[in-house]
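Q: Have a look at this one before I ask anything.
The values are calculated or read from the model by the stated rules, or taken from the named source; none is laboratory data. Just so we're clear, the structure is a prediction, and the values are computed from it rather than from any experiment. All Cβ positions, even for glycine, are placed from backbone atoms using ideal geometry, and neighbour counts span all protein chains on display. Side chains are part of the model used for accessible areas, which takes the heavy atoms of the whole protein and leaves out ligands, DNA and RNA. Shrake-Rupley method; radii C 1.70, N 1.55, O 1.52, S 1.80 Å.
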Amino acid sequence: MTSTPTTPPRPFDVTTVFPRLAPLARTATRLHPRPGAPSPQDSSIGGPLLWPAAEPWPHCDGPHVVDGMNPALSPTDVRRERRIRAASRGRTLTPQERETLERIRPAQEHPVTLAIAPYEGSIAMLPVAQLYARDVPDLHTPEGTDLLQVLWCPFDHPIMPKTALFWRSAATITDILAMPPEPPAMQFDDYLPEPCLLNPEQVTEYPDHLELSKELQEQIGNWSVWQAAETGVDSAYASYPQEFYDNELAGAPGWKVGGWPRWGATDPHPRLCPTCGSDMDALLTIATFEARGDSSWLPHEEPAHEPLIGFNHTAVQIGSGYDQQLYVCPTALEHAHTELMH
């Protein structure tokens, strides 16, 4: 028996304590990716795309530099390695499995430590996400479209993969590309998403405290306000209640569409459209983890699969465990998008 991932209620309604937050509320759609076998007709992470057979597959022209300490593996070998690791969990590797893993990652007696650029020319991009507007309430598509496809180059440019966005009308695609090309190698195997089906869920979010007015920041940082409201927040947060607000009440972690960004690797700064200068909107969060194990955002569910360490069902890792946030221009979605690591 399984159940759909569902976000637990917030510890309390933060707008009853800080009413000035109410006008800042936004909805976001948490995607809750879970391992599956998506088809081109499904919304998915790492699944096959509804890609027109007559349209060229996107490639990246580089540069493509890898660290000599880490072997650049093909997607085929990454999938093979993952299958062996999953199948052998709890038992000893068979001689054939061990031989395959040693072929994929041969031992280096004297590892190379210098950066090298072994791949010249263009690299086929990999599918990251396919989102149908019918499934994702917070996906706002250009007029005449109802489908977003996100691909990326599996090399850092310079600190995270470079993404490409495609907006489509699904009804116009009748002849689907059956065998899209794949890159000969990837900088990190963390850049190959595991195929996942989605369990979209809309939630309400509020801005990170650093994006609030100075007055509201001071209120949220005043522990006596939290005490007077009898919120029940652990006194361990007394010296910095903003941390509880950011982690448990503001923005949801994990893969999501829309909403407010969560900050950590960088402080908030203006996200302006490189084409027209408009303030950009958060489009998609590509997350390393769905939530920490002790987070109130961790969804309720009876898992269909053994949970992965860190609740990382997609196998994607950005940097040392961060998120990659994509932003789009709200006045013209065809304008160039931007990317930030949070």
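Q: With the condition kept exactly as written, say whether any residue in the range 304-314 is open to solvent by less than 40 Å² (accessible area, probe 1.4 Å) and either within 27 Å of residue 167 (Cβ to Cβ) or not assigned by the TED database to the domain that holds residue 27 (or both).
A: Looking for residues that are open to solvent by less than 40 Å² (accessible area, probe 1.4 Å) and either within 27 Å of residue 167 (Cβ to Cβ) or not assigned by the TED database to the domain that holds residue 27 (or both), one finds at least one in the range 304-314, hence yes.
Q: Here is a further query. From the list 248, 182, pick out the single residue that is acidic (Asp, Glu) and in the same structural domain as residue 291 (by the TED database).
A: Answer to the selection: 248.
Q: What number goes with the only condition from (1) in contact (Cβ under 8 Å) with a residue 60 or more places away in the chain; (2) surrounded by fewer than 20 Cβ atoms within 10 Å (Cβ to Cβ); (3) within 21 Å of residue 339 (Cα to Cα) that residue 267 does not pass?
A: For residue 267, the failing item is (1).
Q: What number goes with the only condition from (1) of a type in the set (A, V, I, L, M, F, W, C); (2) free of Cβ contacts under 8 Å to residues at least 40 places away in the same chain; (3) surrounded by 15 or more Cβ atoms within 10 Å (Cβ to Cβ) that residue 228 does not pass?
A: So the condition that residue 228 fails would be (3).
Q: What residue, among those in the range 19-37 that are under 22 Å from the mean Cα position of the chain (by Cα) and over 26 Å from residue 327 (Cα atoms), is surrounded by the fewest Cβ atoms within 10 Å (Cβ to Cβ)?
A: 37
Q: From the residues in the range 318-342 that are of a type in the set (D, E, K, R) and assigned to a strand (DSSP E or B), which one is farthest from residue 149 (Cα to Cα)?
A: Out of the qualifying residues, it is 323.
Q: Please specify each residue of the range 282-296 satisfying the condition of being crowded, with 19+ Cβ neighbours inside 10 Å and not small (Gly, Ala, Ser).
A: 283, 284, 285, 286, 288, 289, 290
Q: Something else about it: Is it fair to say residue 190 is in contact (Cβ under 8 Å) with a residue 60 or more places away in the chain and open to solvent by 30 Å² or more (accessible area, probe 1.4 Å)?
A: Taking the combined requirement at face value, the residue satisfies it.
Q: Continuing with this model, one more query. Out of 13, 61, I need the residue that is farther than 30 Å from residue 172 by Cα, of a type in the set (Asp, Glu) and surrounded by fewer than 16 Cβ atoms within 10 Å (Cβ to Cβ). Which one?
A: 13
Q: Out of everything in the range 112-137 that is aliphatic (A, V, I, L, M) and at pLDDT below 95, what residue ends up being farthest from residue 161 (Cα to Cα)?
A: 112
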